[in-house]
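None of the figures in this text is laboratory data; all of them are computed from the coordinates on show. Only a predicted model underlies this, so the values are computations on that prediction, with no experimental measurement involved. Cβ placement follows ideal geometry from the backbone for every residue including glycine, while neighbour counts extend to all protein chains displayed.
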Amino acid sequence: MIKIEGNDLMRAGTKIGWFEGNDILDHDGKKLGYFSGNKVYDVDGKVLGYIEGNLIKTPGMSGIRVEDNHMEISGGELSDIGRAAVRLLLGD
């Protein structure tokens, strides 16, 4: 599980990254990707996933319910697509 504390992204008490605006960065400050509208992009602008209805969809997967993602990416103030970006870019 990843916990949002302010702009920091924490796993088991260790900072694994943070977000600045729509950008997701790793713990070294390297930009991993970003989110815009209802889509998540990697650093090169390739679409990694998107929200359609109540599902986060990615190529080759049937989808993750937005509510289930809130249990995996908890706390803080971040939109549904922002939480989806954290999950897709930093993993479970």
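Here are a few things to note about the model shown:
- Top-ranked residue in segment 49-78 [being of a type in the set (Ser, Thr, Tyr) and outside any loop (DSSP other than H, G, I, E, B); ranked as nearest to MET1 (Cα to Cα)]: SER74
- Scope segment 9-22; condition of a type in the set (D, E, K, R) and more than 16 Å from LEU88 (Cα to Cα); matching residues: LYS15, GLU20
- Of note, GLY91 does not satisfy the criterion of being among the small types (Gly, Ala, Ser), surrounded by 16 or more Cβ atoms within 10 Å (Cβ to Cβ) and within 13 Å of the chain's Cα centre (by Cα).
- The single condition among (1) surrounded by 18 or more Cβ atoms within 10 Å (Cβ to Cβ); (2) more than 16 Å from LEU9 (Cβ to Cβ); (3) touching an Asp or Glu at 6+ places or on another chain (Cβ under 7 Å) that GLY49 does not satisfy is (3).
- Selection of segment 23-44 for residues being under 14 Å from LEU88 (Cα atoms) and not in a strand (DSSP E or B) yields ASN38, VAL43.
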